[in-house]
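Read through the structure below, which is laid out as structure tokens, and then see the notes.
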Amino acid sequence: MKKWKKEILINAPIEYVWQFFYGDLHKKKMIFPKVIDENIIKQTDQVVGTVITQTYQNGSLNEQYELTIKKYKNEQNYKSYQESFLLNDRFRMTIEYELENQNETSTKFIYTSINKPKNILLSIFQLFGNSDVVDRFMSRTKEKIETAYKNEEA
């Protein structure tokens, strides 16, 4: 199992940032450019347990994953969304996006990813993994959200 946890400050209000992670597919695509579409398969009243099919562009192939929402909080100063899915039938991925209100114009974004391989051989390969992909994702997320926010304010 490999776990990454990173945080970054985004210069935009929490309610604005939240739309990029939950509810607005157009905004979600700005920080997840490989996401093509999402469809709800099973909806629950409390959101936790909802199952979503996500279509994802991987090179020239379109792949589909069934995401299950494992955690969901939508409070005034704290928002959290955790999803779990099986990646390429090899890794159980659990990803959490947390947002903490810092003040009226800034939000702390905390990203946690846990990758659990289905077999022991893949566990060995994970030992050599680094956080470059996560670092790029965090930088892109900050840049895209802040740019969109500035453009809407103008």
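The values are calculated or read from the model by the stated rules, or taken from the named source; none is laboratory data. None of these values were measured; they are calculated from a predicted model. Positions of Cβ are generated from backbone atoms using ideal geometry, with glycine treated the same way; all protein chains shown enter the neighbour counts.
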Among Val17, Val47, which is the only one that is surrounded by fewer than 16 Cβ atoms within 10 Å (Cβ to Cβ), within 16 Å of Asn74 (Cβ to Cβ) and β-branched (Val, Ile, Thr)? Val47
Residue by residue through the range 75-91, note down the ones that are over 15 Å from the mean Cα position of the chain (by Cα) and either among the basic types (Lys, Arg) or over 19 Å from Asp132 (Cα atoms) (or both). Glu75, Gln76, Asn77, Tyr78, Asn88, Asp89, Arg90
Quick check, is Lys116 modelled with pLDDT under 90 and either at negative phi or touching a helix residue (DSSP H, G or I) at 6+ places or on another chain (Cβ under 7 Å) (or both)? yes
Candidate set: the range 26-35, residues that are without any contact (Cβ under 8 Å) to a residue 40 or more places away in the chain and surrounded by 13 or more Cβ atoms within 10 Å (Cβ to Cβ); chosen: the one farthest from Arg140 (Cα to Cα): Val35
Looking only at the range 3-31, and only at residues there that are out of contact with any Lys or Arg (no Cβ under 8 Å at 6 or more places or on another chain) and part of a strand (DSSP E or B), the one that is nearest to Ile145 (Cα to Cα): Lys6
Please pick out the residue among Glu100, Glu152 that is surrounded by fewer than 17 Cβ atoms within 10 Å (Cβ to Cβ), modelled with pLDDT of 95 or more and among the acidic types (Asp, Glu). Glu100
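Residues are listed down the side, and each one gets a yes or a no for (1) of a type in the set (Phe, Trp, Tyr); (2) touching a strand residue (DSSP E or B) at 6+ places or on another chain (Cβ under 8 Å); (3) surrounded by fewer than 17 Cβ atoms within 10 Å (Cβ to Cβ); (4) at positive phi:
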site	(1), (2), (3), (4)
Glu7	no, yes, yes, no
Asn11	no, yes, yes, no
Gly23	no, no, yes, yes
Asp37	no, yes, yes, no
Thr53	no, yes, yes, no
Ser60	no, no, yes, no
Glu66	no, yes, yes, no
Lys71	no, yes, yes, no
Glu75	no, no, yes, no
Scan the range 48-71 and tell me whether some residue there is at pLDDT 95 or above, within 19 Å of Ala12 (Cα to Cα) and of a type outside the set (Phe, Trp, Tyr). no
For the range 77-88, enumerate the residues that are within 22 Å of Lys118 (Cβ to Cβ) and either surrounded by fewer than 16 Cβ atoms within 10 Å (Cβ to Cβ) or not polar (S, T, N, Q) (or both). Glu83, Phe85, Leu86, Leu87, Asn88
Within the range 66-81, can one find any residue that is in a loop (DSSP other than H, G, I, E, B) and of a type in the set (Asp, Glu)? yes
